[in-house]
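Colleague: Right, I'll just put the structure down here and ask away after.
The values are calculated or read from the model by the stated rules, or taken from the named source; none is laboratory data. It should be emphasised that the depicted structure is a prediction, and the values quoted were computed from it without experimental measurement. FYI the Cβ positions are ideal-geometry reconstructions off the backbone, even for glycines, and counts take in every protein chain you see. Ligands, DNA and RNA are excluded from the accessible area calculation, which covers all protein heavy atoms including side chains. Shrake-Rupley method; radii C 1.70, N 1.55, O 1.52, S 1.80 Å.
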Amino acid sequence: MIGSGRKKSLTLRRIFLSAAWLVMAGTALYYLWIYRELVVDDSRFASEIGEAAAKHGLDSRLVRAVVYEESRFRPGAIGKAGEIGLMQIIPSRAATDWAKAHNEPCPEAGVMFSPRINLEIGCWYLSDGLRRFRDYKAATELALARYNAGLTRANKWKPKEKDGNVIDNITIASTKKYVKNIMKRYRRYCREDAVKKSGE
């Protein structure tokens, strides 16, 4: 009987310790996630972003907002579907389209971790989306929707009127959040620039 009681006590102690460990691990992961979200140096790769954006006729602040949303400025980031680098390039989509447009071989996956090459492909792809939807007032939102969910879906989300709203048409919740997050950050960067200029 005493042995049985000790076994039960040890079992309960192990369960308690395991539960406590899981809680501590979960808490640590939560705070690590908070830290990663809040402590992001979004001034990284400013010159590379500026060069790639200018080359493809993009606002560098929009590119910064995309990079923030895609990778939090981590050039070694890898997505769940195999997306690579700062702008989370998908080799079979954006990189392949870029290679065809430039009549060049598709860069190997390892090469796409290079910030300059990654930004080159990502900015080209984003610029191509803006060109496709240039007749729409919400061309930026449509280009971002295409960047995240593909051209077929973006075409389905085009508003009936050229000056119509796009956000309400997006049927994939994650894409809607993606577009809204980037547009919010993009506007924030624009406001911050305006404040800086007014103070000069």
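Colleague: In the chain, what is the volume of the convex hull around the alpha carbon atoms, normalised per residue and reported in Å³? Walk me through the numbers on the way to the answer.
Modeller: On the way: hull volume 36.7 nm³, N = 200.
Value for the chain: 183 Å³ per residue.
Colleague: Using a Gaussian network model of the chain whose springs link C-alpha atoms within less than 10 Å, name the residue from R72, R185, R13 with the highest mean-square fluctuation.
Modeller: Among R72, R185, R13, the largest GNM mean-square fluctuation belongs to R13.
Colleague: FRET efficiency for F113 and S198, Cβ-Cβ distance as r, R0 = 41 Å, nearest 0.05? Walk me through the numbers on the way to the answer.
Modeller: Details: r = 39 Å, r/R0 = 0.94.
So, using R0 = 41 Å, E works out to roughly 0.60.
Colleague: At a Cα cut-off below 20 Å, give the aspartates and glutamates reachable from K158, other chains included and same-chain residues fewer than 8 away excluded.
Modeller: D128, D135, E141, D168
Colleague: How charged is the neighbourhood of I170? Take every other residue with its Cβ under 10 Å from the Cβ of I170, and add Lys/Arg as +1 and Asp/Glu as -1. Each step should come with its number before you reach the end.
Modeller: Working: positive: R153, K156, K176, K177, K180; negative: E141, D168.
With Lys, Arg at +1 and Asp, Glu at -1, the net is +3.
Colleague: Within the chain, what whole-number % of the accessible surface is contributed by carbon and sulfur, with the 1.4 Å probe and all protein chains included in the calculation?
Modeller: Values: 6940 of 12450 Å².
Ligands and nucleic acids excluded, carbon and sulfur give 56 percent.
Colleague: Further question: In the range 37-138, what is the volume of the convex hull around the alpha carbon atoms, normalised per residue and reported in Å³? Mind showing how you got there, number by number?
Modeller: On the way: hull volume 10.9 nm³, N = 102.
So the per-residue hull volume is 107 Å³.
Colleague: First measure r as the distance between the Cβ atoms of R132 and D41, then evaluate 1/(1 + (r/R0)^6) with R0 = 41 Å and state the FRET efficiency to the nearest 0.05. Present the calculation step by step, with values, prior to reporting the outcome.
Modeller: Working: r = 32 Å, r/R0 = 0.79.
According to the calculation, E is roughly 0.80.
Colleague: Could you state the per residue volume, in Å³, of the convex hull enclosing the Cα atoms of the range 113-183? Don't skip to the end; give the middle numbers.
Modeller: Numbers: hull volume 6.1 nm³, N = 71.
Each residue corresponds to 86 Å³ of Cα convex hull volume.
Colleague: Rank these residues by their accessible area, most exposed first, probe 1.4 Å: H102, H56.
Modeller: Values: H102 70, H56 30 Å².
Descending accessible area places them as H102, H56.
Colleague: Next up: May I ask you to list the aspartates and glutamates whose Cα is less than 19 Å away from that of K80, ignoring any residue fewer than eight positions away on the same chain?
Modeller: Those aspartates and glutamates meeting the cut-off are E37, E69, E70, E108.
Colleague: Ignoring ligands, DNA and RNA, what accessible area per residue does the range 46-200 give at 1.4 Å, in Å²?
Modeller: Spelled out: the 1.4 Å probe surface of the range 46-200, per residue, equals 53 Å².
Colleague: How do K176, K137 stack up against each other in accessible area, from largest to smallest, with a 1.4 angstrom probe? The partial results should precede the final answer.
Modeller: Details: K176 60, K137 165 Å².
So, going from the largest accessible area down, we get K137, K176.
Colleague: A143: net charge of surrounding residues, Cβ under 13 Å, Lys/Arg +1, Asp/Glu -1, itself excluded? Don't skip to the answer; put the middle values down first.
Modeller: Values: positive: R131, R132, R134, K137, R146, R153, K158; negative: D59, D128, D135, E141.
Taking every other residue near A143 into account, the sum is +3.
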